[in-house]
Amino acid sequence: MRLLVLVAVFLTHSEAFAHHSAAAFDVSKILALKGTLTRVDWRNPHVVLTVTIVGEGVTPETWEFESGAPAWFRGRNLGKGDIDAAIGQNVAVEAVRARDGSRYAYLYELTFADGRRWELR
């Protein structure tokens, strides 16, 4: 009976376990990037920030940074209004990049142009 329960739990929750796996990101290399916050998707299960990275002599790149759920942000005293107010402004981010090499990363730290900084790990 216990085995049956374990199998049932695994089958119903395996997708959730896979979705939240740290295996999707290379946590051995932290990126530090600066750019303009262009969009925020404030939704469950993850807030996603879109930042356009512009460097001297470099073609602009659009990156997406995944983070925790909206409630997780609010627990760190960072609300949707705070992030929405920063759209169009410069931000600095620290994150770990997706293993597939895409411009998708998991957000570790967010710093606004006015110096306000949030550790989001």
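Okay, here's what the table says:
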quantity	calculated
Any hit, segment 65-85, residues being over 16 Å from LEU33 (Cα atoms) and either of a type in the set (Val, Ile, Thr) or touching a Cys at 6+ places or on another chain (Cβ under 9 Å) (or both)	yes
Exclusive hit being under 11 Å from the mean Cα position of the chain (by Cα) and at pLDDT below 95, set ALA18, ALA69	ALA69
Only listed residue being farther than 18 Å from ALA24 by Cα, among the aromatic types (Phe, Trp, Tyr) and in a helix (DSSP H, G or I), chosen from TRP118, TRP72	TRP72
In segment 65-107, residue surrounded by the fewest Cβ atoms within 10 Å (Cβ to Cβ) [restricted to those that are among the acidic types (Asp, Glu) and under 16 Å from VAL51 (Cβ atoms)]	ASP84
Criterion violated by ALA71 - all others in (1) under 19 Å from GLU119 (Cβ atoms); (2) in contact (Cβ under 8 Å) with a residue 12 or more places away in the chain satisfied	(2)
Residue in segment 36-64 that is modelled with the lowest pLDDT, counting only those that are surrounded by 12 or more Cβ atoms within 10 Å (Cβ to Cβ) and more than 15 Å from the chain's Cα centre (by Cα)	VAL54
Criterion (in a loop (DSSP other than H, G, I, E, B), under 25 Å from ASP26 (Cβ atoms) and hydrophobic (A, V, I, L, M, F, W, C)) met by exactly one of VAL58, VAL91	VAL58
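The values are calculated or read from the model by the stated rules, or taken from the named source; none is laboratory data. Model, not experiment: these values are computed from the prediction. Here Cβ is always computed from backbone atoms with ideal geometry, including for glycine, and neighbour counts include all displayed protein chains.
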